[in-house]
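Sending over a structure as structure tokens; questions will come in a sec.
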Amino acid sequence: MRDTNFGFPRVPPPSSPAAAPAAEPSPKRRRVGEAAEEPPPPPEMREEALERLRGVVRDSVGKHLYASAIFLADKVAAATGDPADLYMLAQALFLGRHFRRALHLLNNSRLLRDLRFRFLAAKCLSSCCLVVRTMSEFIRGKMIKIAAWNEHYVSDVFLLILDNEAARRATGPIRFSDMHEELKEWHQCLLMLGDAKVDEHGKVLDQDDGSDIYFDKDAEDHEINIKSAICFLRGKAYEALDNRDLACQWYKAAIKADPLCYEALECLVDNYMLTCEEESELLSSLQFREEDGWLSAFYSCLITKHEKYYVVEAKFKELERESCSISSSSSGETLKNNIDVLACKAEYYHQSGEYQKCWQLTSSLLERDPFHLKGTLVHLAAAMELGHSNDLYLLACNLVKDYPQKALSWFAVGCYYYCIKKYDQARRYFGKATGLDGTFPPAWIGTGIAYAAQEEGDQAMAAFRTAARLFPGCHLPTLYMGMQYVRMHNFKLAEQFFTQAKSICPSDPLIYNELGVVAYNMKEYRKAVQLFELTLDHTSSSLNEMWEPTLVNLGHALRKLKEYQRAVSYYERALTFPTKSLSAFTGLAYTYHLMDNLEAAINYYHKALWLKPDDQFCTDMLTYALESSCHSTARRRVV
């Protein structure tokens, strides 16, 4: 049966009936106008009235009538003084955003030894932190609008905010006093939760468990463990205090205490706190119930983004099978077409370079749920790769309108400007996204890529270093730093960064491609061939145009080893994609030239020059091939 208590405890009726009321006294004659003396209501009638009020409180919360819920819960708590009723009042105050009042009530209740009371008090403190931050951002936002209105600067809907000097001053950092107040609240939150230690594997040591007041013994089986919730809140507090190592350990403790605490795993995965190997170890250590097989399968799909095609497909098929345990139909269609499952699959398509598939899937996903933020992020990435600037513009406008305080909204604006090659503006909005949320990985990586597009290597490296420090489980910043060193022809240092990226995520084929490029430039052609072949082994079952440069690179390396027939086969595979590159035509022409197949070489030199008529190498080699062809024709005639 669905729980309709909205987190409030049920108060069971008394186990033994109250004493029978005394015998009714004989009626007395009273004077005219004298009020009749009503007998006091029996205790069981009082209990029925209180239980009715508790039900009304729960219903008021369900209808978001928080003032009514607070009013009635206060009267029930005053009448009984029961811990369950005090907790119900504190919950109503919390949901009505009266955080300080709820905290005061919990502190005065002298029941903070109980884990539930302690957790709710800590949640009040953490919510006070968010209120401080939100108010600061609200005031800054008002200053921006006033400054922009006074200047009448309306030439660009996005640059309206940041191109105005007064507005730029308004978007300065939050005042030190606000920041100090926020940090103070987070420290108090940790003090409220009590002393505890955790090791690097998420095992809690020396925890002061306190005493639990179980309000509803029957509800224990379908609740998230309160200790898991406390571990998660500790993780949030340490993350806010910029202690990401301890935050990671407490998140692991939370998910280990109760695998149903999805928020903990979401923080670990979305904030890239764990490497691929650590994610797999964590998942294997979780103890799922027999009926939670679908959850284990979903978590497996969530962390297998860079695995081989058949591995990922097997994971999704396992999820479909396990979903039958909670689906009303035997086919498991409900969970198969679930929004979160589709978003997970779309993310895999994006990681494997199948951008068109990813775009189609996220488009259908957002038609069903236009405000699914994780699906929106993948949709943005696919749109940018495909160059859909109009879609990016519309999506960015809607996000800024609906979520002006979210980093994702301004990241979308940056994606639009990057797509139309306005890198200054893209950088500016990626920076605004990192200002709103310093733990938003795509914004930091986007900032570095925008700097790199303008050949500003030092600034790009600074952004990538920050991302690598904040997100130790994300291999992309390290990979992009290696690419920057390749651009600077510092191949030894580039190889070190690529090796480090490989240790974080050994299943990403792009890493092996870049290691092959380094080996090729260091004239280690046999090693380069092995690495390029390893790249193709790690891609999906059907190659797409993203891997066309890898095929060309493999052809170049084989040509250097004088394995011309194999080189020709890889060049021809590269030319089967719609994006026919100059390098593929040139490499094929030159290979045929080395094989003394002058007719084929001349044909492909012409095709290469059709793509780039001023290419000096092709022009010179075409001239040389034509001369050689003429000489050979003349010799045949003489003979």
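The values are calculated or read from the model by the stated rules, or taken from the named source; none is laboratory data. Model, not experiment: these values are computed from the prediction. Virtual Cβ from ideal backbone geometry, glycine too; neighbours counted across all protein chains shown. Note: accessible area is taken over every heavy atom of the protein model, side chains too, but ligands, DNA and RNA are not part of it. Shrake-Rupley method; radii C 1.70, N 1.55, O 1.52, S 1.80 Å.
Could you check ALA452 against (1) open to solvent by less than 20 Å² (accessible area, probe 1.4 Å); (2) of a type outside the set (Ser, Thr, Tyr); (3) closer than 25 Å to LYS345 by Cβ; (4) in contact (Cβ under 8 Å) with a residue 24 or more places away in the chain and say which number it fails?
So ALA452 meets the others, but not (3).
Looking at the range 342-364 only, could you name the residues that are under 14 Å from the mean Cα position of the chain (by Cα) and open to solvent by less than 20 Å² (accessible area, probe 1.4 Å)?
ALA343, CYS344, ALA346, TYR348 - these are the residues of the range 342-364 that are under 14 Å from the mean Cα position of the chain (by Cα) and open to solvent by less than 20 Å² (accessible area, probe 1.4 Å).
Please determine, by comparing only the residues of the range 184-208 that are among the aliphatic types (A, V, I, L, M) and surrounded by fewer than 18 Cβ atoms within 10 Å (Cβ to Cβ), which one is modelled with the lowest pLDDT.
Applying the first criterion (among the aliphatic types (A, V, I, L, M)) to the range 184-208 yields 190-193, 196, 198, 204-205.
Subsequent filtering for residues that are surrounded by fewer than 18 Cβ atoms within 10 Å (Cβ to Cβ) retains 191, 205.
Values: LEU191: 82, LEU205: 75.
The residue in question is LEU205.
Consider THR535 carefully, then state whether it is of a type in the set (S, T, N, Q), within 14 Å of HIS306 (Cα to Cα) and either surrounded by 22 or more Cβ atoms within 10 Å (Cβ to Cβ) or in contact with an Asp or Glu (Cβ under 6 Å, 6 or more places away or on another chain) (or both).
Values: of a type in the set (S, T, N, Q): yes; within 14 Å of HIS306 (Cα to Cα): yes; either surrounded by 22 or more Cβ atoms within 10 Å (Cβ to Cβ) or in contact with an Asp or Glu (Cβ under 6 Å, 6 or more places away or on another chain) (or both): yes.
In short, yes.
Can you tell me which of LYS607, LYS560 is under 20 Å from ARG526 (Cβ atoms) and in contact with a Phe, Trp or Tyr (Cβ under 8 Å, 6 or more places away or on another chain)? Walk me through how you get there before you give the answer.
On the way: LYS607 fails: under 20 Å from ARG526 (Cβ atoms).
Going through LYS607, LYS560 in turn, the sole match is LYS560.
Criterion first (under 23 Å from the mean Cα position of the chain (by Cα) and of a type in the set (D, E, K, R)) does ARG465 satisfy it?
yes
Let me ask something additional. Among the candidates GLU367, GLU307, GLU281, GLU291, which residue alone is open to solvent by 60 Å² or more (accessible area, probe 1.4 Å), outside any loop (DSSP other than H, G, I, E, B), at pLDDT below 90 and among the acidic types (Asp, Glu)? Lay out the reasoning, then the answer.
Values: GLU367 fails: at pLDDT below 90; GLU307 fails: outside any loop (DSSP other than H, G, I, E, B); GLU281 fails: at pLDDT below 90.
Only one candidate qualifies: GLU291.
Would you confirm whether or not the range 237-246 contains a residue that is at pLDDT 90 or above, farther than 26 Å from SER507 by Cα, in contact with a strand residue (DSSP E or B) (Cβ under 9 Å, 6 or more places away or on another chain) and not aromatic (Phe, Trp, Tyr)?
Checked against the condition, which is being at pLDDT 90 or above, farther than 26 Å from SER507 by Cα, in contact with a strand residue (DSSP E or B) (Cβ under 9 Å, 6 or more places away or on another chain) and not aromatic (Phe, Trp, Tyr), the range 237-246 yields at least one hit.
Right, something else. Just wondering, is there one or more residues in the range 580-588 that are of a type outside the set (Phe, Trp, Tyr) and either open to solvent by 60 Å² or more (accessible area, probe 1.4 Å) or in contact (Cβ under 8 Å) with a residue 40 or more places away in the chain (or both)? Talk me through it step by step, then tell me what you get.
Residues of the range 580-588 that are of a type outside the set (Phe, Trp, Tyr), as a first pass: 580-584, 586-588.
So of that shortlist, the ones also either open to solvent by 60 Å² or more (accessible area, probe 1.4 Å) or in contact (Cβ under 8 Å) with a residue 40 or more places away in the chain (or both) come out as 580.
Yes: one or more hits.
Quick check on this structure: which one of PHE99, PHE94, PHE71 is under 30 Å from ILE224 (Cα atoms), at pLDDT 85 or above and open to solvent by 90 Å² or more (accessible area, probe 1.4 Å)? Break it down stepwise before answering.
Details: PHE99 fails: open to solvent by 90 Å² or more (accessible area, probe 1.4 Å); PHE94 fails: open to solvent by 90 Å² or more (accessible area, probe 1.4 Å).
Result: PHE71 is the single residue among PHE99, PHE94, PHE71 that is under 30 Å from ILE224 (Cα atoms), at pLDDT 85 or above and open to solvent by 90 Å² or more (accessible area, probe 1.4 Å).
So which of GLU322, GLU333 ends up being at pLDDT below 85 and buried (at least 19 other Cβ atoms within 10 Å of the Cβ)?
Sole residue among the options that is at pLDDT below 85 and buried (at least 19 other Cβ atoms within 10 Å of the Cβ): GLU322.
Follow-up question, since we're still on this one. So ILE224 passes all but one of these: (1) aliphatic (A, V, I, L, M); (2) open to solvent by 30 Å² or more (accessible area, probe 1.4 Å); (3) in a loop (DSSP other than H, G, I, E, B); (4) modelled with pLDDT of 90 or more. Which condition number does it fail?
Failing condition for ILE224: (4).
Now a separate question. Failed condition for LYS562, given (1) in contact with a Pro (Cβ under 7 Å, 6 or more places away or on another chain); (2) at positive phi, with all others met?
For LYS562, the exception is condition (1).
Taking LYS374, is it of a type outside the set (A, V, I, L, M, F, W, C) and in a helix (DSSP H, G or I)?
Values: of a type outside the set (A, V, I, L, M, F, W, C): yes; in a helix (DSSP H, G or I): yes.
So LYS374 passes the test.
Counting only residues that are open to solvent by 90 Å² or more (accessible area, probe 1.4 Å) and of a type in the set (Val, Ile, Thr), how many does the range 611-627 have?
0
In addition: What's the number of the condition LEU373 fails, among (1) modelled with pLDDT of 90 or more; (2) open to solvent by 30 Å² or more (accessible area, probe 1.4 Å); (3) closer than 24 Å to LYS227 by Cα?
With (1) modelled with pLDDT of 90 or more; (2) open to solvent by 30 Å² or more (accessible area, probe 1.4 Å); (3) closer than 24 Å to LYS227 by Cα applied to LEU373, the lone miss is (3).
Working only within the range 414-449, note down all residues that are within 20 Å of LEU386 (Cβ to Cβ) and surrounded by fewer than 18 Cβ atoms within 10 Å (Cβ to Cβ).
Listed by number, the residues that qualify are ILE420, LYS421, LYS422.
Filter the range 102-120 for residues that are basic (Lys, Arg) and open to solvent by less than 20 Å² (accessible area, probe 1.4 Å) and give the result. First the steps, then the outcome.
Residues of the range 102-120 basic (Lys, Arg): 110, 113, 116, 118.
Of everything in the range 102-120, just one residue is basic (Lys, Arg) and open to solvent by less than 20 Å² (accessible area, probe 1.4 Å), namely ARG118.
Let me ask something else. Going through the range 485-506 one residue at a time, which ones are among the polar types (S, T, N, Q) and either assigned to a helix (DSSP H, G or I) or touching a Phe, Trp or Tyr at 6+ places or on another chain (Cβ under 7 Å) (or both)? Break it down into steps so the answer makes sense when it comes.
First, pick out the residues of the range 485-506 that are among the polar types (S, T, N, Q): 490, 496, 499-500, 503.
Scanning the range 485-506 gives GLN496, THR499, GLN500, SER503.
Ok, one more. Which numbered condition in (1) at pLDDT below 95; (2) crowded, with 21+ Cβ neighbours inside 10 Å is the only one that HIS489 fails?
(2)
Could you go through the range 90-107 and let me know if any residue there is without any contact (Cβ under 8 Å) to a residue 12 or more places away in the chain and within 21 Å of LEU193 (Cβ to Cβ).
yes
Then there is this: Among the residues of the range 474-516, how many are of a type outside the set (A, V, I, L, M) and farther than 22 Å from SER352 by Cα?
Of the residues in the range 474-516, the ones of a type outside the set (A, V, I, L, M) are 474-475, 477-478, 480, 482, 484-485, 487, 489-492, 495-500, 502-503, 505-509, 512-514, 516.
Next, from what is left, pick out any that are farther than 22 Å from SER352 by Cα: 484-485, 487, 489-492, 495-496.
So the count comes out to 9.
With TYR272, TYR251 as the choices, which residue is closer than 15 Å to CYS474 by Cα and out of contact with any His (no Cβ under 6 Å at 6 or more places or on another chain)?
Just one listed residue meets the conditions, TYR272.
Here's a follow-up. With respect to PRO40, determine if the residue is outside any helix (DSSP H, G or I) and at pLDDT 55 or above.
Numbers: outside any helix (DSSP H, G or I): yes; at pLDDT 55 or above: yes.
The answer is yes for PRO40.
Against the conditions (1) out of contact with any Gly (no Cβ under 9 Å at 6 or more places or on another chain); (2) open to solvent by 50 Å² or more (accessible area, probe 1.4 Å); (3) in contact (Cβ under 8 Å) with a residue 24 or more places away in the chain; (4) of a type outside the set (Val, Ile, Thr), where does TYR262 fall short? Just the number, please.
Result: TYR262 passes all but (3).
If you don't mind, another one. So which residues in the range 516-529 are part of a helix (DSSP H, G or I), open to solvent by 20 Å² or more (accessible area, probe 1.4 Å) and in contact (Cβ under 8 Å) with a residue 12 or more places away in the chain?
Listed by number, the residues that qualify are VAL517, TYR520, ASN521, TYR525, ARG526.
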